[in-house]
Amino acid sequence: PSGGGAELLTHEMAKRWVKQGHTVIQFSSMFKSAKSSETIDGVQFIRRGSWWNVQCIAFFYYMFCFRKNTDAIIDEVHWFPFFSVLYARKKTIALVCEVANRLFYRIFPYPIARICRLIEKMYLKVYKNTSAMAISQSTCDDLLKEGHNPTNLIIIPMGLTAPLKIKQYQKEKVSTLIYVARLNKQKGILDALEAFFIIKKSISDTKLWIVGSGDVEIMQRIKAISKRKQIEKSVKLFGFVSEEKKYELLSKAHILISPSAQEGWGLTVPEAGLTKTPSVVYNIQGFRDIIIQDKTGLLVNPTPEDLAKGVISLLQSPREYKAMQKEALKMAKHYSWDKTAHESMSFIKKQILTPNL
């Protein structure tokens, strides 16, 4: 239920590896109403424990169930890894979505953030000679800054999941912005509201669509802020929607905005591009890897004021907007999960499965 781009990447690779003839097991934590075991697209799912103890349970499962018939472990790092390098070093390949670093300080109070960062620095040292796949140049650069060995590190190309035939809808009659992400502090929903408030002062009939789910507290804050700033009539909360509905909304909107604090790779930008919707986003790692400035979108300084300025500038420049629509679509069509799965499996075979290693 909390899955995003990293989880999508994982499954798109895994199901293609199965088609290539490999056996793939995904071991992850339980969630409400989940099945403890099932097979989806040929991928075997085993779910045990919760987010805070799944790494420990994975160790015991490996030792008693997986050790003798497992060739490779893809240890996915999203903030923290599964630490499989400590008990299966030769079989481990890290899949690194992001290095959190400063993000901890944005999300947690200082003492907790400091502890999380220290843990991250410690595990990065442990993994520095481990074969690793990074999902973007930004993540790769972060790993190198932390001392990772460059000889066993690659950047795998990202793909894009979309309906077989995307229907292009007419844009809304009034300027419409769309935010698509989890509703939390990390993804910048509060900055989005602040930027929209500023935009409304210049373009009064602008609308904001918010697509994504979040806990009760953040939903209440969104509604309270919207009411306090008197923009509640122009803000619409869609909650979690299907893929088809998401692409419909992206197609009808004029601009995707994302004030995220950090991204491993900003999946929603090429998704919007497929519907001829340009993006105005914070100039952060992840987004820098997929946006060509002033061509496929706008990268702005990470403040609500500059986000608003970028949106207003684009909405008031019809010729620039149309040119950006074409380039965003052209760029989005280049992404393919088939290429992702092929290059990642080639790396796995080279690092783990070749006889002389």
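The values are calculated or read from the model by the stated rules, or taken from the named source; none is laboratory data. The structure presented is a predicted model; accordingly, all values stated were derived computationally and were not measured. Quick reminder, even Gly has a Cβ in these numbers, built from the backbone with ideal geometry, and neighbours come from all protein chains shown. For the accessible areas, the whole protein counts, side chains as well, though only heavy atoms, and no ligand, DNA or RNA atoms are used. Shrake-Rupley method; radii C 1.70, N 1.55, O 1.52, S 1.80 Å.
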Failed condition for residue 77, given (1) modelled with pLDDT under 95; (2) part of a helix (DSSP H, G or I); (3) open to solvent by less than 50 Å² (accessible area, probe 1.4 Å), with all others met?
(2)
If residue 336 meets every condition in (1) among the polar types (S, T, N, Q); (2) at pLDDT below 95; (3) closer than 19 Å to residue 5 by Cβ; (4) in contact with a helix residue (DSSP H, G or I) (Cβ under 8 Å, 6 or more places away or on another chain) apart from one, which number is that one?
(4)
Note on residue 147: of the conditions (1) in a loop (DSSP other than H, G, I, E, B); (2) of a type outside the set (D, E, K, R); (3) crowded, with 17+ Cβ neighbours inside 10 Å; (4) out of contact with any strand residue (DSSP E or B) (no Cβ under 8 Å at 6 or more places or on another chain), unmet is (3)
Output yes when any residue across the range 16-29 is open to solvent by 80 Å² or more (accessible area, probe 1.4 Å) and within 21 Å of residue 88 (Cα to Cα), and no when none is.
yes
Failed condition for residue 241, given (1) in contact with a strand residue (DSSP E or B) (Cβ under 8 Å, 6 or more places away or on another chain); (2) outside any strand (DSSP E or B); (3) crowded, with 22+ Cβ neighbours inside 10 Å
(3)
Can you find a residue that is without any contact (Cβ under 8 Å) to a residue 40 or more places away in the chain, closer than 16 Å to residue 76 by Cα, assigned to a helix (DSSP H, G or I) and open to solvent by less than 20 Å² (accessible area, probe 1.4 Å) anywhere in the range 118-133?
yes
If you go through the range 185-199 one residue at a time, how many are over 17 Å from residue 301 (Cα atoms) and crowded, with 19+ Cβ neighbours inside 10 Å?
1
Contacts under 9 angstrom Cβ, first residue in the range 266-277 being on the phi > 0 side of the Ramachandran plot and surrounded by fewer than 24 Cβ atoms within 10 Å (Cβ to Cβ), partner in a helix (DSSP H, G or I) and modelled with pLDDT of 95 or more, 6 or more apart:
276/251; 276/325; 276/326; 276/328; 276/329
Residues that are of a type in the set (Asp, Glu) and part of a helix (DSSP H, G or I), drawn from the range 289-337:
305, 306, 320, 327
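Looking at the structure I just gave you, is residue 338 open to solvent by 50 Å² or more (accessible area, probe 1.4 Å), more than 18 Å from residue 139 (Cβ to Cβ) and more than 19 Å from the chain's Cα centre (by Cα)?
Values: open to solvent by 50 Å² or more (accessible area, probe 1.4 Å): yes; more than 18 Å from residue 139 (Cβ to Cβ): yes; more than 19 Å from the chain's Cα centre (by Cα): no.
Answer is no for this residue.
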Pairs needed: first member in the range 174-191, under 18 Å from residue 310 (Cβ atoms); second member anywhere, in a loop (DSSP other than H, G, I, E, B) and among the acidic types (Asp, Glu); C-beta distance under 8 Å; at least 6 residues apart or different chains.
175/205
Please give the number of the condition residue 260 fails out of (1) closer than 18 Å to residue 201 by Cα; (2) within 18 Å of the chain's Cα centre (by Cα).
(1)
